[in-house]
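The values are calculated or read from the model by the stated rules, or taken from the named source; none is laboratory data. Here the structure is a predicted model, which is why all the values come from computation and not from measurement. With ideal geometry, Cβ positions are generated from the backbone for all residues, glycine too; neighbour counts draw on all protein chains shown. All accessible areas refer to the heavy atoms of the entire protein, side chains included, with ligands and DNA or RNA removed. Shrake-Rupley method; radii C 1.70, N 1.55, O 1.52, S 1.80 Å.
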Amino acid sequence: MNNLFSLQVPVYLHSTSDLLPFDDPNIHQYEDSVGKVCLLVFDSSRIGMEISTLKVFYDSMVTRPIMDSFKITPPELVTIDNDSAYQSEITGVFNKARIFSEIETIATKDRYYFIQTWSSLDRHDQLKHDMYKMLNSFHEISHLKK
């Protein structure tokens, strides 16, 4: 993952370039073999960015979800790898399918990260544990090991 960070990704996910219609070295994409579980990680340098706080970054990333009839749970401020993070869940309809998505925004000293994982809403109970495990496993490589 560009040697910037690591995540514990379940063995059923593999790297792909099929989730977004463009290629960007700061976007990392994963899906399972049948495309029913997806993971997207976006990283951005904070240097020169006009976004001043983690909350502003979070708001900028979730203000316009690409789904219909969406509902976003209020963000919960947590600590991930000694950095501040906001986590929340989005449910809605995308391409006529009901989906849920677990999201996380993280502010490290030099970067912002946006992590989103999603699947069909009927798989919520089955996958939520794996999704939170991925989100909570975030580790920026520049941090000293604990």
Highest mean packing first, using Cβ neighbours within 10 angstrom, the peptides 5-13, 48-56, 111-119 sort as 111-119, 5-13, 48-56
Matching label for the computed volume of the Cα convex hull per residue in Å³, out of (1) 121; (2) 145; (3) 101, is (1)
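At 1.4 Å probe radius, can you tell me the per residue accessible area of the chain in Å²?
Heavy-atom SASA per residue in the chain reads 58 Å².
Could you calculate the contour length gain from S137 to Q8, that is, 0.36 nm times the residue separation minus the distance between their Cα atoms, to one decimal place in nm?
On the way: separation 129, 0.36 × 129 = 46.44 nm, distance 0.57 nm.
Extra length available between S137 and Q8 comes to 45.9 nm.
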With 0.36 nm assigned to each residue of separation and the Cα-Cα distance removed, I27 to S120 gains 31.3 nm
Rounded to the nearest 10, the angle in degrees between the Cα long axis of helix 124-136 and the longest principal axis of the Cα atoms of the chain comes to 10 degrees
Ordering 91-100, 128-137 by per-residue average of other C-beta atoms within 10 angstrom, highest first, gives 128-137, 91-100
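Expressed as a whole percentage, what fraction of the accessible surface of the stretch 51-146 belongs to carbon and sulfur atoms when a 1.4 Å probe is rolled over the protein heavy atoms?
Details: 2830 of 5400 Å².
The value for the stretch 51-146 is 52 percent carbon and sulfur by accessible area.
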Note: probe point = Cα of K36 + 7 Å toward Cβ; backbone nitrogen < 18 Å; residues of the stretch 83-111 passing the test are 94-102
Residues whose built amide H sits under 5 Å from the amide H of T108, excluding neighbours closer than 5 in sequence, are Y113
